[in-house]
Amino acid sequence: MHTLVIDEQRQVAARKALLRNFAKGAVHSVHTFKSPGGEYRDAPTHLRQDLGIWASIGEEPGSILAFGVGQPHWQIGIEVKIPAGRSLHSNGQVVEDDAGRLLLAHQGGLGGNKFAVGRQTFALLIEGFVRTAVADGDVEREMFVIADVDRASDLADLAAYVKQAERIRKIRRGHAGDFSAWALKGAARKAGVPENEEDGAYDRVAGRIEFKRRHGMVQNALTEALRKAGYDERPVSLTGGLRADLAVHDRGEKTGGLLFEIKASTGAQPHFTAIGQLLVYAQGHEDGLRKVLVTSRLPDSDLFQKALSVLGIEVLQYEIVGRGVQFQALDDLIASNP
């Protein structure tokens, strides 16, 4: 689970780490940029020709953090505004994962007076990325986690995100009608989610699309990880017409195995459902399957942990960073299975 970082010293440390990694092998120059929030004069700029993007990364709290595609231009492609301390009004944040790694996160959306794109519409149009939950005290916020600031290898995800933002901006410039409604229709059609024309249905339909994308992203990543670990790619057949998210036989065997139920939401109700699904699905295989609940975060209740233990359900946690999914303790889960 990702957590919001509000300590200014750690925010500055994240900026410096990102600058240090981005500047490696970059062409350095100085430019003046304009944004909806004002003008940045004589800002140090770094062009990464290998990534196809440029960046201007200020080290102080509240300073510039801007990116663009191709050669540096006075018009910023996407600005990630990280607040000094804690603010709910900034589109950018520094977050950390359970291992204490610092990551760059963005709420989505593109500013601008004429060709702005809202956060929900941005989330519908972006390809290869999904938002994930970030804990802000007792509140969860949906954000794109786009870079591990300490790892130069993760800058490929950052570059992909900047290019997706540029792509979405171009689409917006070429559309004169109701852009949000147009984006929702296209995304619903691709995801196979029926549109609801009722008033106020936009957020509900958009949420269903995003949950479906997140679920598919996690399912595909888990399937690939199990394949690399030597599990049979062919799914286990369950009786009674049941169809689990993922079920695999033990390696080299035709009996036993692992049964997975994936949840893209951190709410209590989806986890109640998952527990019931695992118990029922497990009855559809005569040789017995280990039951595994896959989630980014369990609900904050000791009763869930107690119930999972009593029912013999294991937990596999995941985090989404950039275009990838990271599973915690998957190797341990596999090692304890034949």
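Any read-out appearing in this document is the output of simple, stated calculations on the displayed coordinates, not a laboratory observation. Quantities reported herein were computed from a predicted structural model and do not represent experimental measurements. No Cβ is skipped: glycine too gets one built from the backbone with ideal geometry, and neighbour counts run over all protein chains shown.
List of remarks:
- Annotation: the residues Arg86, Arg243, Arg169, sorted from fewest to most other C-beta atoms within 10 Å of their own C-beta, follow the order Arg243, Arg86, Arg169.
- Crossing angle, helix 179-191 versus the chain [Cα axis fit, 0-90 degrees, rounded to tens]: 30 degrees
- Candidate cross-link partners of Lys114 among the lysines, defined by an alpha-carbon separation under 21 Å and a same-chain spacing of 8 or more, comprise Lys34, Lys81, Lys163, Lys170.
- Panel order for Thr32, Thr223, by other beta carbons found within 10 Å of each beta carbon, from fewest to most: Thr32, Thr223.
- One compactness figure for the range 215-335 is 1.01, namely its Cα radius of gyration divided by 2.2 N^0.38 Å.
- Projected label points at Ser29 and Phe327, each 7 Å from Cα along the beta carbon direction, are separated by 4.5 nanometres.
- Interchain or long-range residues, amide H under 5 Å from Ala147's placed H: Leu104, Gly322
- Distance (nanometres) between label positions extended 7 Å along Cα→Cβ at Lys228 and Thr273: 3.0 nm
- Order of Ile76, Ile6 under a 10 Å beta carbon neighbour criterion, fewest first: Ile6, Ile76
- Considering only the chain, percent of DSSP beta bridges that pair antiparallel, nearest 5: 75 percent
- Only alpha carbons enter this Debye calculation for the chain, each as an equal point scatterer, and the log10 of I(q)/I(0) it gives at q = 0.09 Å⁻¹ is -0.55.
- For the chain, the longest principal axis of the Cα atoms and the long axis of helix 202-228 meet at an angle of about 70 degrees.
- Two-site label geometry, Arg86 and Val310: point separation in nm, points 7 Å out along Cα→Cβ: 3.6 nm
- The equivalent ellipsoid that matches the C-alpha gyration tensor of the range 2-176 spans semi-axes of 22, 20, 15 angstrom, in descending order.
- Sorting 99-107, 300-308 by their mean Cβ neighbour count within 10 Å, with the most densely packed peptide first, gives 99-107, 300-308.
- Nearest-ten-degree value, helix 8-23 long axis tilted from longest Cα axis of the chain: 80 degrees
- Model label zone, Leu303; criterion: amide N under 13 Å from point 7 Å along Cα-to-beta-carbon; scope the range 261-282: 268-269, 272
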